[in-house]
Amino acid sequence: GQSLEQPSEVTAVEGAIVQINCTYQTSGFYGLSWYQQHDGGAPTFLSYNGLDGLEETGRFSSFLSRSDSYGYLLLQELQMKDSASYFCAPRGTNAGKSTFGDGTTLTVKP
Amino acid sequence: DAGITQSPRHKVTETGTPVTLRCHQTENHRYMYWYRQDPGHGLRLIHYSYGVKDTDKGEVSDGYSVSRSKTEDFLLTLESATSSQTSVYFCAHHGESITGELFFGEGSRLTVL
């Protein structure tokens, strides 16, 4: 079967660093994507890892370890606007058939 | 901008009535998807399309049907709406990038009373 685990809530202060972990069990794994969703909005793509290792995009980085079925999203220099839900989404060859977990709600405090 | 327009954006209807949600795109995307998102949860795939008249079921397709008679429009129909179908519905597409980045519409919030 398929399973996906990420923390339900994380709280941090402005300027801090936060890591959101994701463990998955899915058949036909091809890569791991991360999406951000602000309250009432549509999900937006943040990052993708097709290979093991770290991908960096500005303040955000994402990591994947295929052997451990594990990944994380690292957010640095947190800003208030980073308060949102973050979803890890393992995918097969069809990106549209990604599995979305229940997400992690990040609250950034002053 | 995802290049997707969803309509209606908000709808309230009664149990047992038919409902059609429309996803319109003007960028000739081949792959289109319909998801639903319930409060506090992630997205679940309802149906998807690989092209005109080429559709398939996702993980939560019961109670839903889709049609794609032309590239621009991907319609999601609830033949007889139930309260359990109260949700936010998102249409999405992805391009040919290796990342498989999904681009979502703004969502259609459906309430079934």
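Couple of notes before you dig in:
- Rounded to whole numbers, the Karplus 3J(HN,Hα) couplings from phi for the range B:50-57 are 9, x, 4, 6, 10, 10, 8, 8 Hz, using 6.51 cos²θ - 1.76 cosθ + 1.60 with θ = phi - 60°, and x at Gly and Pro.
- For chain B, built as a Gaussian network whose Cα springs stay under 10 Å, the top-fluctuating residue of B:50, B:33, B:89: B:50
- Accessible surface ranking that places the most exposed of A:81, B:11 first, with a 1.4 angstrom probe: A:81, B:11
- Rounded to 5, percent antiparallel among DSSP beta bridges of the protein assembly as shown: 90 percent
- Take the Cβ atoms of residue A:65 and residue A:44, set R0 to 25 Å, and the FRET efficiency comes out at 0.50.
- Dimensions of the range A:1-49 based on its C-alpha atoms, expressed as ranges along the principal axes with the largest first, amount to 38, 21, 20 Å.
- Kirkwood radius and radius of gyration were both taken over the C-alpha atoms of chain A, and their ratio Rg/Rh is 0.95.
- The range A:1-28 versus the range A:37-90: alpha-carbon centroid distance in Å: 9 Å
- For the range B:1-59, the relative contact order works out to 24 percent when only alpha carbon pairs closer than 8 Å and six or more residues apart are counted.
- The largest-to-smallest principal axis extents of the Cα set in the protein assembly as shown are 49, 35, 34 Å.
- Across chain B, C-alpha contacts under 8 Å between residues 6 or more apart give a mean separation that, scaled by the residue count, equals a relative contact order of 35 percent.
- Structural descriptor for chain A: relative contact order 36 percent, calculated from alpha carbon pairs under 8 angstrom and at least 6 residues apart.
- For the range A:32-81, GluC sites (Glu not before Pro) meeting the loop criterion (DSSP other than H, G, I, E, B) and having at most 14 other Cβ atoms within 10 Å: A:77.
- Sequence-distant residues sharing a close amide H with residue A:100 (under 5 Å, placed H): B:43
The values are calculated or read from the model by the stated rules, or taken from the named source; none is laboratory data. Computed from a predicted structure; not experimentally measured. Ideal geometry is used to build each Cβ from the backbone, glycine not excepted, and the neighbour counts take in all protein chains shown. Keep in mind that these areas ignore ligands, DNA and RNA; they rest on the heavy atoms of the full protein, side chains included. Shrake-Rupley method; radii C 1.70, N 1.55, O 1.52, S 1.80 Å.
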